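Colleague: Can you keep this structure in mind? I'll have questions shortly.
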Amino acid sequence: MNRARHIAIIMDGNGRWAKLREQKRAKGHEAGAKTVRAITEFCSRNEDIQRLTLYAFSTENWKRPTLEVEFLMKLLQKYLENELESYLQNNIRFEPIGDLRAFSKSLQHTIQNVKEKTAHCDGLVQSLALNYGAHDEILRAINKIKNSQESITKEMLTNALDCKDDVDLIIRTGGDKRLSNFLLWQAAYAELFFTDTLWPDFTTDELEKIIKDFTKIERKFGGLK
Ligand code: IPE
Ligand code: IPE
Ligand code: MG
């Protein structure tokens, strides 16, 4: 039976969720933040799951209207400030991935603070992908190691990435079937699950069902079974 050790989620559909309710997109993002909390706590109680990587803001999301980007930044700041206690209570370590230098000093400070305060937690790792894009991550990694005298190995590149762990299971909510520049290196042998459920409506029951289906898949990694 497979174990879903590293789960990654493309949390899509907040805007459409709000539109269906004739609300502003911001309301969808607020509702989405509640789902993040519920899913994270569920994963922290599951013994198999060691890492949960959540796509929260991509390197391409800066293309959105300024007001929406600003709202997302404020929401992230508020979320992290409120969540610190819950991370500590649930023994969750917070490890952001992505290029954080693009964020305001104050947001960078909050991110760093939560990271440091939870560094000793040895339960679930919740990794938020913030200003994350796989192309950007791979290019930053190559630039870190390009002056090495030896030829670059798979191990060297992996170690230079923000996320050093292969992904077992990628879930995308919101109905689209694409990766949108998420964990392209780490997803080499990931199992992909797509659901029409919009992120604010995604439940721990649905996650449990996906994990159950995942455990039954025959993973061959190119070999024969
Ligand atoms: C995902 O929801 C959240 C972010 C990308 C920040 P969207 O905002 O993309 O929602 P839809 O896809 O427009 O419904
Ligand atoms: C992917 O969703 C990024 C996040 C969930 C943060 P998008 O809504 O940005 O993706 P596209 O534009 O539909 O591919
Ligand atoms: Mg979207």
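The values are calculated or read from the model by the stated rules, or taken from the named source; none is laboratory data. Please read all numbers here as calculations on a predicted model, not as lab measurements. Every residue, glycine among them, receives a Cβ derived from its backbone with ideal geometry; neighbour counts consider all protein chains shown.
Colleague: Can you confirm whether the stretch 54-69 contains a residue that is in contact with a helix residue (DSSP H, G or I) (Cβ under 9 Å, 6 or more places away or on another chain), free of Cβ contacts under 8 Å to residues at least 24 places away in the same chain and β-branched (V, I, T)?
Modeller: Within the stretch 54-69, one or more residues are in contact with a helix residue (DSSP H, G or I) (Cβ under 9 Å, 6 or more places away or on another chain), free of Cβ contacts under 8 Å to residues at least 24 places away in the same chain and β-branched (V, I, T).
Colleague: Go over the candidates K154, K146, K177, K216 one by one and state the one that is touching a Phe, Trp or Tyr at 6+ places or on another chain (Cβ under 9 Å), exposed (fewer than 11 other Cβ atoms within 10 Å of the Cβ) and either basic (K, R) or within 16 Å of A8 (Cα to Cα) (or both).
Modeller: K177
Colleague: OK, next. Output yes when any residue across the stretch 87-106 is without any contact (Cβ under 8 Å) to a residue 24 or more places away in the chain, surrounded by 13 or more Cβ atoms within 10 Å (Cβ to Cβ) and of a type outside the set (A, V, I, L, M), and no when none is.
Modeller: no
Colleague: Filtering the stretch 9-58 down to residues that are more than 16 Å from ligand 3 (Cβ to nearest atom) and small (G, A, S), which residue is surrounded by the most Cβ atoms within 10 Å (Cβ to Cβ)?
Modeller: S44
Colleague: Condition test on S44, is it more than 16 Å from ligand 2 (Cβ to nearest atom) and among the small types (G, A, S)?
Modeller: For S44, the condition - more than 16 Å from ligand 2 (Cβ to nearest atom) and among the small types (G, A, S) - is met.
Colleague: Could you list, ordered by first residue, the pairs with Cβ atoms under 6 Å in which the first is in the stretch 1-21 and within 17 Å of T53 (Cα to Cα) and the second is in a loop (DSSP other than H, G, I, E, B) and near ligand 1 (Cβ under 8 Å from one of its atoms), at least 6 apart or interchain?
Modeller: Partner pairs satisfying both residue conditions: D12/G174.
Colleague: Within the stretch 163-192, work out how many residues are within 15 Å of ligand 2 (Cβ to nearest atom), among the basic types (K, R) and part of a loop (DSSP other than H, G, I, E, B).
Modeller: Looking only at that region, the number is 2.
Colleague: Can you tell me which of D166, D201, D205 is at pLDDT 95 or above and within 16 Å of ligand 3 (Cβ to nearest atom)?
Modeller: It is D201.
Colleague: Next question. For the subset of the stretch 186-213 comprising residues that are closer than 18 Å to N14 by Cα and without any contact (Cβ under 8 Å) to a residue 24 or more places away in the chain, which member is nearest to the chain's Cα centre (by Cα)?
Modeller: F194
Colleague: Here is a further query. Out of the residues in the stretch 22-34 that are touching a residue at least 60 places away in the same chain (Cβ under 8 Å) and more than 8 Å from ligand 1 (Cβ to nearest atom), state the one that is nearest to the chain's Cα centre (by Cα).
Modeller: Here the answer is K34.
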